[in-house]
Amino acid sequence: MYHWIQASPSDFSGTLPQPRSGHTAVIVGKSKLVVFGGLVDKKFLSEITVYDLENKLWFKPECSGSGSDDGQVGPSARAFHVAVSIDCNMFIFGGRFSNKRLGDFWVLDTEIWQWSELTSLGDLPSPRDFAAASSIGNRKIVMHGGWDGKKWLSDIYVLDTMSLEWMELAVTGTLPPPRCGHTATMVEKRLLVYGGRGGGGPIMGDLWALKGLIEEENETPGWTQLKLPGQAPSPRCGHTVTSGGHYLLLFGGHGTGGWLSRYDIYYNDCIVLDRVSAQWRRLPTSGDPPPARAYHSITCVGSRYLLFGGFDGKSTFGDLWWLVPEGDPIAKRSPLEALPPNRDDSVHSRKESQSEGSAILELQKRLEISASVSSSGLQIVDELEDREFLELASGLIGDEVSNNGQKEIQAVRDHWRKSAPSSVKLKELGPLLRDYQRLITRHYLANGGADLTSTESHFPGKDSHRFYHIKSASKLRMDDIPKLLEEYKQLSSD
């Protein structure tokens, strides 16, 4: 059994890294976790933030160095690059800045915090983002796939970090489909590649093994698709695979939403690939898990795993989470000890004004949304003025809507109370969301504007009204639908 524990102030000192996704986080020299790059609010980052594992300290080193451009100390801002550590060095290749794919190659010496842009030899890889890479022993790096802005890639490059020579590996036989956003993990003598987004856009859930990377083995390079028993993960990209002991831990990522295919679904599940039994299995965990996300990082720190950052289609995360084994000293820590949200926005306390007597304004304030209905774009309309709601009602009862409409309104609410998430049609999401917002507003008015966070309320605060501020059903993701429907059923039954 493993336990999810959100990090607390006692776990770290120093300045925590700012929220981001599409960054890299690698252990360098066994004592440092180096976070580089990423993306937040359409801003690409170039900063280095380091976690000193021994002293439990986050800091930003003063780096020196030089690049091909005058005055350039280190790599330019980027995200979705690859980073691999060899000894005390971290190697960086590629990534994206805005809409430009990058093909530059850098190394950071973490003993003196010096960047060097490298001039490579041999078969140079094309600029790309969303590639995957891993170290081979303590000298070489292997990189696979990615996206060059025009096509998905399936090539394999091996870099010798001593000679700085790239070699494109010639592989015969069946090849995996081209892909990006996948993972590539070296396990003993094989490179394991899982998932990613492929040519034409499908998200994949296949697992491949590449042999022929170890010179001493004298093997002909070749791919084999592995179809392992057990509880395999669903197809996804933007996930992480982290090596720990005799197994590989897969976490998060995103896939397509199936029946509501225009929406991506984000994951927060933990699946283990057991190297001993050669099968997939779900990792049993306790505690509230982190919010679902992709393009995050998970790093093995001793017997623990440290999760940082990521993106869920709406928000960029800056939170830090531990995944710890049974018996770890923090395994039974109270959630109240967690770090406050690491966000750029600040929370300002305001003295309540008696002029804000409107219950709707108070509701909006407590849900932390705009206090102006017109400026927020959220309009609470009556059922008889909601054309789509009335059309749905007419279709359900087979008659025209009566004058007061009460029978029809009840028919629609009964229909949704009995519905499973997968049976809710796309055209129903708009009227469902608006009726949900109507019911919240009326519940609040009926209670005289009482505090929604009180124990006497069935709806404990803004977390139970997470969709109230959404202006349009087009903003909903596929995995929002079950949560919205669950809240709606509770509201409509009161």
Practice task
State whether the residues of region 440-455 include one that is at pLDDT 80 or above, closer than 18 Å to GLU487 by Cα and open to solvent by less than 50 Å² (accessible area, probe 1.4 Å).
Solution key: yes
Exercise for the section: For region 130-215, please list each of the strands (runs of 3 or more DSSP E) lying entirely inside it that holds at least 3 residues being within 16 Å of GLY253 (Cβ to Cβ) and of a type outside the set (Gly, Ala, Ser). Expected result: 190-198, 203-211
Handout entry: Filter pass, SER277 being modelled with pLDDT of 95 or more and not aliphatic (A, V, I, L, M)
Key = no
Practice task
Please go through region 24-36 and pick out each residue that is open to solvent by 10 Å² or more (accessible area, probe 1.4 Å), modelled with pLDDT of 95 or more and not β-branched (Val, Ile, Thr).
Solution key: ALA25, LYS32
Problem - Lone unmet requirement of (1) in contact with a Leu (Cβ under 7 Å, 6 or more places away or on another chain); (2) open to solvent by less than 20 Å² (accessible area, probe 1.4 Å) for ARG96 - result: (2)
Exercise for the section: Please enumerate the residues belonging to region 472-494 that are touching a strand residue (DSSP E or B) at 6+ places or on another chain (Cβ under 6 Å) and either of a type outside the set (A, V, I, L, M, F, W, C) or surrounded by fewer than 20 Cβ atoms within 10 Å (Cβ to Cβ) (or both). Expected result: ASP479
Practice task
Can you tell me which residue within region 264-278, out of those that are open to solvent by less than 50 Å² (accessible area, probe 1.4 Å) and not hydrophobic (A, V, I, L, M, F, W, C), is farthest from GLY230 (Cα to Cα)?
Solution key: ASP264
Handout entry: Selected residue [over 26 Å from TRP166 (Cβ atoms), surrounded by fewer than 16 Cβ atoms within 10 Å (Cβ to Cβ), touching a Gly at 6+ places or on another chain (Cβ under 8 Å) and not acidic (Asp, Glu)] from LEU57, LEU39
Key = LEU57
Handout entry: Residue count for region 207-226, restricted to those that are within 13 Å of ALA170 (Cβ to Cβ) and open to solvent by less than 40 Å² (accessible area, probe 1.4 Å)
Key = 6
Exercise for the section: Select from region 291-311 the residues that are buried (at least 22 other Cβ atoms within 10 Å of the Cβ) and in a loop (DSSP other than H, G, I, E, B) and write down the one among them that is farthest from the chain's Cα centre (by Cα). Expected result: GLY309
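The values are calculated or read from the model by the stated rules, or taken from the named source; none is laboratory data. The structure displayed is predicted, hence computed values, not measured ones. So basically every Cβ, Gly included, is an ideal-geometry build from the backbone, and we count neighbours across all protein chains shown. Surface accessibility is based on the protein's heavy atoms, side chains included, excluding ligands, DNA and RNA. Shrake-Rupley method; radii C 1.70, N 1.55, O 1.52, S 1.80 Å.
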